[in-house]
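Enquirer: Dropping the structure in here first, questions after.
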Amino acid sequence: MTTLLLPARNDGRLCPFFLADVVLISCISIDTFSIELWFVALKRGCRAMSLCFRGIVPEDSDMLLRWRNDPETRHNSIHTSEVFPEEHARWFHRMMTVDPSRIAVAELDGLPVGVIRLDWNDERDSSEVSFTVAPEHRRKGLGFRIVQLKTEGLSNVRVLARVKVTNLGSRRIFDRLGFRVVDRIGDLLLYARDPGDAVLGEVSSAFQVVEPGARRVSL
Ligand SMILES: CC(C)(COP(=O)(O)OP(=O)(O)OC[C@H]1O[C@@H](n2cnc3c(N)ncnc32)[C@H](O)[C@@H]1OP(=O)(O)O)[C@@H](O)C(=O)NCCC(=O)NCCS
């Protein structure tokens, strides 16, 4: 872990991409990836970085297994045991073949930074969201942005998420996006956002959004 001076926006969130913000300096602990982002941003003239989603490809298999077995992911999962390669291979094959559109990899300027799934649940007549941010890319605002982007178009269906009580990062994300806790089963909170509920969450300009095949949109 390295400590470096980086610009932060006036709401305190990390924003290494805008020189205008340099006046608002705060001391933030960052990892090597953030240093890389900083230099990439400088090289690009401090423009916002592009966050986009793509479908999974066979080459993602090892990466997704690594993210799944990361200790924090396991701790926050319903099933906390380690996933072994054989079991993962079966799961991955299912994902690739049965409705692959429900899972998407988020990329920040071409670097995979997270994965998100939306599963239609007939029983509950709703879509359930689950997601993981790559261990080395956490606490940079990406988890919030990924869930925001993938759920904001779902204003006509109920969206659910099961979150452990101790998972403060996820709880903060769903709270900020206008989800409500509608049930609690043991150490699991059931978050829901219903049609008609306000889709909250201010738009951050730190990450541009690029929909595959679409023009770049500056937010
Ligand atoms: C939980 C997780 C998705 C959060 O993603 P992230 O990219 O690190 O989150 P963000 O940087 O967007 O932070 C969102 C908010 O949560 C807060 N937060 C993030 N991680 C936190 C933590 N471990 N403890 C307390 N707060 C945390 C951030 O400070 C931020 O708060 P703010 O909105 O007041 O600024 C990520 O840590 C992760 O992938 N964990 C393992 C898998 C997992 O838990 N998946 C979700 C299952 S429901």
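Every read-out reported here was derived from the displayed coordinates using simple, explicitly stated rules and does not represent laboratory data. For clarity, every value in this text was computed on a predicted model and none was experimentally measured. Quick reminder, even Gly has a Cβ in these numbers, built from the backbone with ideal geometry, and neighbours come from all protein chains shown.
Enquirer: What is the order of 79, 88, 93, fewest Cβ neighbours within 10 Å to most?
Expert: Details: 79 8, 88 17, 93 12.
With the fewest neighbours first, 79, 88, 93 line up as 79, 93, 88.
Enquirer: While we're here: Rounded to the nearest 0.05, what FRET efficiency is calculated for residue 62 and residue 197 with R0 set to 45 Å and r the Cβ-Cβ distance? Write down the numbers at each step before the final one.
Expert: Numbers: r = 38 Å, r/R0 = 0.85.
Computed FRET efficiency for residue 62 and residue 197: 0.75.
Enquirer: Another one. For a footprinting-style exposure proxy, rank 97, 73 by other Cβ within 10 Å, fewest first. The partial results should precede the final answer.
Expert: Numbers: 97 8, 73 17.
Listing 97, 73 from fewest to most nearby Cβ atoms yields 97, 73.
Enquirer: If you take the C-alpha gyration tensor of segment 49-210, multiply each eigenvalue by 5 and take the square root, what semi-axes do you get, largest first, in whole Å?
Expert: Semi-axes (√(5λ), whole Å): 23, 20, 16.
Enquirer: If neighbour count is taken as other Cβ atoms inside 10 Å, put 157, 147, 98 in order from fewest to most.
Expert: Numbers: 157 16, 147 26, 98 8.
Ascending number of Cβ neighbours within 10 Å: 98, 157, 147.
Enquirer: If you don't mind, there's one more thing I want to ask. Sort 137-145, 162-170 by the packing proxy (mean of other Cβ within 10 Å over each peptide's residues), most packed first.
Expert: On the way: 137-145: 19.8, 162-170: 15.9.
Highest-to-lowest ranking by the protection proxy: 137-145, 162-170.
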